[in-house]
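Presented below is the structure to which this report refers.
No lab work stands behind these numbers, since they all come straight from the coordinates. Nothing here was measured: the structure is a model prediction, and the numbers come from that model. Reconstructed Cβ throughout: ideal geometry from the backbone, glycine too, with neighbour counts over all protein chains shown.
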Amino acid sequence: MRRLLVLLPAALVCAPAHAAGYYFSDVGARSFSRGGAYVAGVSDLMALWYNPAALTRLPDGMMTLDVAAVSQRVEFDRKDYPGEGKDGADLITEPVENKAPAYVIPHLAVSHSLGLPNTMFALGFYPPYAPDLSYDADGAQRYTLTDTQVIQTFAGLTAAHEFANWVSVGAGVSWNYLYVEQELAISLWTQTETENPDYDVFFALDAQDKFAVGWNVGVLVEPPKGRWAVGASMMAPTKFDATGTMSADFTQNYYNELGLIESDRSEDDEVHLDVTMPLILKAGALVRPTDKLEFEVAAVWEGWSVIDEIVVTDVNLHVDTTELVSPTGVDITDDVILPAGYQDSISLRVGGEWDVHKRVTVRAGGMMEGSAIPAETMSVGLVDGQKWGYGLGGTIKAHKRLDIDLGWFQSFLPEQTIENSQVKQIVVDPFTGEFVDGRVVGDGVLASHINILGGGINYYFGKDAKIKDR
């Protein structure tokens, strides 16, 4: 019975993404409008995420409010198995797709020099993007995922200082929060119907880490009124120790109806899971052929190989059964270890912006990115792969002290056929408690794309209401 839980730790960190691994595109309407090429050319308070040194480019006194609606379309057509369905019939499954609506994610930040020359301080709330995922409870994907909500946030203080009027250095520290709610199904094994919904048990996980510390640093080299700039930043790994509850619902299970399982629900009040989000390195270089036009080329490296395995500790789940199964019931107490084997990824971005009018700026960009997740461990709960994306957007200078941003981003994971999946159905013999390998449930055809529509306002409340380099 101990391996009943083997999918749950994987589910905890399944914040599906179209950046590599668990992250979507980078945050902010201006940034994703440029395809993520926004390391040397940051012009709003999303510098907190991209490059803290770029805060020195901002006016003395600025507030950014940015809101984006994030949605992910996932389509999965699971492989069919001849003669392995009910009573020897063919097991033919219908394609499934994510039915969750777009998820709205806000960002808010404020900056000021506090009277110190060539220095800027900023305080902000800037969560990465992630969508909701929801599938039919009786769909072909139910042994991997039925429903999830994942929230990860960053909030903290950043400071930057400009030296000799052309080199800036910045650093920030953040309070990070992680919340996960996840549901999936396991099967209580029978000799004839391994995928009959009557034998399903739905497991749920609700876990959070209320306080994890993160930090980042950055540098920006930009001559006064120059035609070029280069920037780089590093975001340190963030370690989460999530604590929560794990439960199993037997109310609709055949063996519960027979009375062999006496618990309608079983719950563990405290489990722990350690997850480390990776080191991220960003670098970018921009040129300005004219005062009104700039182009940037950027690269981002993410060290996802830090996640080699996922471990759940302090497991203590008790299942009440009749004496026919076990006189004392079943206790699950061992640590659960899930091999992951993720890999580092790199993305290339190209983008820019053009001041077509003194009050209108337009932006565009594109990106290509590798996968952090091997195909054999990919599923509807974590979709990754070689991908490309584009962004479009712009800014209207509604007033000397007010800019209005609008941006659109899409990224596409080309349709891929998975043939050697390691994602298997969890099957447990209800009489012996022994784990039995179910059939592979990850083989099939998988495709996905991301849509992000966002907007924001930048309000300048200081004496200088212009970006310094313009």
* Using the number of other C-beta atoms within 10 angstrom as an exposure proxy, rank ASP241, ASP269 with the fewest first. => ASP269, ASP241
* Under-5 Å amide H pairs with GLY244, H placed in peptide plane, nonlocal only -> GLN208, VAL271
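I'd like the FRET efficiency for GLU75 and ASP269, computed as 1/(1 + (r/R0)^6) with the beta carbon distance as r and R0 of 51 Å, rounded to 0.05. The partial results should precede the final answer.
Numbers: r = 37 Å, r/R0 = 0.73.
Calculated transfer efficiency: 0.85.
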* **Which of ILE346, ILE426 has the fewest Cβ neighbours within 10 Å, and the rest in rising order** => ILE346, ILE426
* **Dipole axis of the chain (+1 Lys, Arg; -1 Asp, Glu on Cβ), positive-most option in PRO223, ALA299, GLY365** => PRO223
* Asked: Roughly what would the spin-label model give for LEU65 and GLN422, points 7 Å off Cα along C-beta, in nm?
  -> 4.7
* Asked: P(r) tail for the chain, what percent of Cα pairs lie past 36 Å?
  -> 35
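Within region 222-323, which GluC sites (Glu not before Pro) sit in a loop by DSSP and count at most 12 neighbouring Cβ atoms inside 10 Å?
Values: sites: GLU257, GLU262, GLU267, GLU270, GLU294, GLU296, GLU302, GLU309, GLU323; in loops: GLU262, GLU323.
Here the GluC sites (Glu not before Pro) that fit, given the DSSP loop and packing criteria, are GLU323.
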* Structure fact -> The farthest towards the positive end of the charge dipole of the chain, of the residues GLY407, GLY444, ASN98, given +1 on Cβ of Lys and Arg and -1 on Cβ of Asp and Glu, is GLY407
* Structure fact -> 1/(1 + (r/R0)^6) with r = Cβ-Cβ of ASN316 and ARG439, R0 = 35 Å, i.e. FRET efficiency to nearest 0.05, evaluates to 0.70
* To do: Might you report the magnitude of the Cβ-based charge dipole of the chain about its Cα centre, with Lys and Arg at +1 and Asp and Glu at -1, to the nearest 20 debye?
  => 4160
* To do: Quick one: which residues, 5 or more positions from SER421 or on another chain, have an amide H under 5 Å from its amide H? H modelled 1.01 Å from N in the peptide plane, none for Pro or chain starts.
  => ASP443
* Mind giving me the FRET efficiency for ARG359 and GLN252? R0 is 60 Å, r the Cβ-Cβ distance, nearest 0.05 is fine. => 0.50
* To do: Can you tell me how much longer the chain between GLU94 and GLU309 gets when fully stretched, taken as 0.36 nm per residue apart minus their C-alpha distance, in nm with one decimal?
  => 74.2 nm
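Given a cut-off of 30 Å, name the pairs among LYS239/LYS397; LYS225/LYS387; LYS358/LYS463; LYS387/LYS424; LYS225/LYS397 whose C-alpha atoms lie farther apart than that in the structure shown.
Details: LYS239/LYS397 40 Å; LYS225/LYS387 36 Å; LYS358/LYS463 20 Å; LYS387/LYS424 26 Å; LYS225/LYS397 21 Å.
Pairs exceeding 30 Å: LYS239/LYS397; LYS225/LYS387.
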